[in-house]
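Novice: First the structure, then my questions, so here it is.
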Amino acid sequence: MQPDFQSPELRHQTGLRLRRVVDGMASTGLDTLLLADNANVFYMSGRYYRGYVYVTRTGKCIYFIIHPDIFAPADNVVSIRKPEQIPSELTRMGIDLPHVVGLEYDALSYSEVSRLAKVFGEAVSADCSGVMRGARMVKTPYEIELMRIDGVHQSAVYERIGRLYRRDMTDLEFQVEIERALRLEGCLGYTRVAGRLMEINMGSVISGDNADVPSPYDFAMGGAGQSPSLPGGADGMTMKHGTTVMVDMNGNFNGYQTDMTRVWSVGEISEEALKAHECSRRILRALERETLPGVEIRSLYDRAMEIVREEGLERYFMGHNRQVAFIGHGVGIELNEQPAITARCRQIVEEGMTLALEPKFVIPGTGAVGVENTYVVRADGLECLTVCPEEIKSLI
């Protein structure tokens, strides 16, 4: 189906997002944004294409398309072969050229930024990454509905996971079966993440002491992985009796993602592991009530740590051999959006934020425990988008 940029529905949905971007530009010296990053192009247009999105501070949004040439005609859709054609096309349309243009310094390569900075001659370029991160941090009702649909599909697969287990299965074999179930449910099979320090496939399945293997990535749990080229997640070990299996397989059924973790056991596990898992659930229940618009993000982290200390589980919280200093993150088009839920984050909670909260523990000799849910911030607390049983169930 050809995207119709003149359809009332698409104009309305992109218009809501455009207003968030323009509001973010208001406090900067940027005349315009020239967006090329995949995630931002999708955010501004509702699909990915090769080309650019040009946004002015007055609210004009023009789609410069290199390919594919499948777009329905519209007054703000322009076909080009290269970005150097953009100034002449703007002049033809009667649009003034910018004095300061915002480029995505944190998402594009140096060569891309250098090339785009020269497109407008004497215009000054500046980083617009913060504007786009801030705009995407609070979701529109349409985006939330897409994430709600994603959560329904993801939860449907998670409720079938226990039936995918076979005796003496390896963690990798288990993950492959879960991936197959997700794909058959409609998952796109791709996890979009931000930043060069983050790499992941469709998620991770971590069994036993593999959870205690540190990873170079900013994940709550590590894992050795199958290869030094992607050191994270399942390592091919047979899942052993008395250990846990943490499943953190991501959704992405429509371009937006929900993030969810549940834990299974192979037989009975230690009382300490069960205690830690219940502590994770206690943290989530507290944060569901207390995460209200207007509070500081760092208060969420502080509250989680308060509960962990009450339970005496600090040495296992958010890792063991390597502990990370966050308990969650924003989520949406990319898995790791803003805000990061840390002790240093002074960002204020806003209604419409979508947050993945993941208080987790690593118990040596047993494995990882804990729950992760994706939530949307409402006026009276958090609404869960990943509704699925949280208790640890045995696979055998």
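Novice: Just grab the label-to-label distance for residue 167 and residue 348, each label 7 Å out from Cα along the Cβ direction, in nm (one decimal).
Specialist: My value for the distance between the label points is 6.0 nm.
Novice: Please get the size of the charge dipole for region 262-345, origin at its Cα centre, with Cβ charges of +1 on Lys and Arg and -1 on Asp and Glu, quoted in debye to the nearest 20.
Specialist: Values: 12 positive and 14 negative charges, 18 e Å.
Around 80 debye, computed over region 262-345.
Novice: If you put +1 on each Lys and Arg Cβ and -1 on each Asp and Glu Cβ, how big is the dipole of region 138-394 around its Cα centre, in Debye rounded to 20?
Specialist: Here the size comes out at about 160 debye.
Novice: Could you work out [θ]222 nm for the chain from helices alone, using -39500 (n - 2.57) per DSSP H run of at least four and dividing by all its residues? Round to the nearest 500 deg cm²/dmol. Walk me through the numbers before you get to the answer.
Specialist: Details: 9 runs with 119 residues, N = 396.
Calculated from helices alone, the mean residue ellipticity at 222 nm is -9500 deg cm²/dmol.
Novice: At a 10 Å Cβ-Cβ cut-off, how would you order 60, 393, 139, fewest neighbours first? Walk me through the intermediate numbers first.
Specialist: On the way: 60 15, 393 11, 139 25.
Least to most surrounded, the residues fall as 393, 60, 139.
Novice: While we're here: List the equivalent ellipsoid semi-axes of region 166-322 in whole Å, largest first, each obtained as the square root of 5λ for an eigenvalue λ of the Cα gyration tensor. Write out the running numbers ahead of the final one.
Specialist: Details: eigenvalues 135, 91, 49 Å².
Ellipsoid half-lengths, sorted descending, are 26, 21, 16 Å.
Novice: Calculated FRET efficiency, residue 23 and residue 227, Cβ-Cβ r, R0 35 Å, to nearest 0.05? Write out the running numbers ahead of the final one.
Specialist: Details: r = 44 Å, r/R0 = 1.26.
Between residue 23 and residue 227 the formula returns 0.20.
Novice: For region 88-99, just list the computed ³J(HN,Hα) in residue order, Karplus coefficients 6.51, -1.76 and 1.60, θ = phi - 60°, integers in Hz, with x standing in for Gly and Pro.
Specialist: With coefficients 6.51, -1.76 and 1.60, one gets 5, 5, 5, 4, 4, 7, x, 9, 5, 6, x, 9 Hz.
Novice: Also, I was wondering about something else. Please give the contour-minus-distance gain from residue 391 to residue 198: 0.36 nm per residue of separation, less the Cα-Cα distance, rounded to one decimal in nm. Don't jump to the answer; show the numbers that get you there.
Specialist: Values: separation 193, 0.36 × 193 = 69.48 nm, distance 2.94 nm.
My answer for the length gained is 66.5 nm.
Novice: Please turn the phi angles of region 74-83 into ³J(HN,Hα) values with the Karplus equation 6.51 cos²θ - 1.76 cosθ + 1.60 (θ = phi - 60°), one per residue in order, whole Hz, x for glycine and proline.
Specialist: Calculated HN-Hα couplings, in order: 7, 6, 10, 10, 10, 8, 9, 9, 7, x Hz.
Novice: Mind telling me which of 229, 109, 265 comes out most flexible in a GNM of the chain, alpha-carbon contacts under 10 Å?
Specialist: 229
Novice: Match the structure shown to one of the listed values (i) 0.96; (ii) 1.05; (iii) 1.01 of Rg/Rh (Cα atoms, Kirkwood Rh), computed from it, and give that label.
Specialist: (iii)
Novice: Turning to a different aspect of this structure: I'd like to know which of 284, 65, 204 lies farthest towards the positive end of the charge dipole of the chain, counting +1 on Cβ of Lys and Arg and -1 on Cβ of Asp and Glu.
Specialist: 65
Novice: Label-point separation (nm) for residue 292 and residue 99, each offset 7 Å from Cα along Cα-to-Cβ?
Specialist: 4.5 nm
Novice: So how do 171, 75 line up by other beta-carbon neighbours within 10 Å, fewest first? Write out the running numbers ahead of the final one.
Specialist: Values: 171 25, 75 9.
Final ranking by Cβ density, sparse to dense: 75, 171.
Novice: Would you work out if region 8-136 is rounded, prolate or oblate? Take a ≥ b ≥ c from the square roots of the eigenvalues of the alpha-carbon gyration tensor; rounded if a/c is under 1.5, else prolate when a/b is larger than b/c, oblate otherwise.
Specialist: Rounded.
Novice: So, one more: Would you mind ranking 218, 209 so that the residue whose beta carbon has the fewest other beta carbons within 10 Å leads the list? Present the calculation step by step, with values, prior to reporting the outcome.
Specialist: Working: 218 15, 209 19.
Least to most surrounded, the residues fall as 218, 209.
Novice: Could I ask something else about it? Under 5 Å between amide hydrogens, which residues at least 5 positions from residue 265 or on another chain qualify, with H placed 1.01 Å from N in the peptide plane?
Specialist: Residues meeting the criterion, in which the H sits 1.01 Å from N, are 245, 393, 394, 395.
Laboratory data are not the source of any read-out in this text; all were calculated from the coordinates shown. Treat the numbers as computed from the prediction; the structure is a model and nothing was measured. A quick note on method: Cβ atoms are made from the backbone with ideal geometry, for glycine too, and the neighbour counts reach across all protein chains shown.
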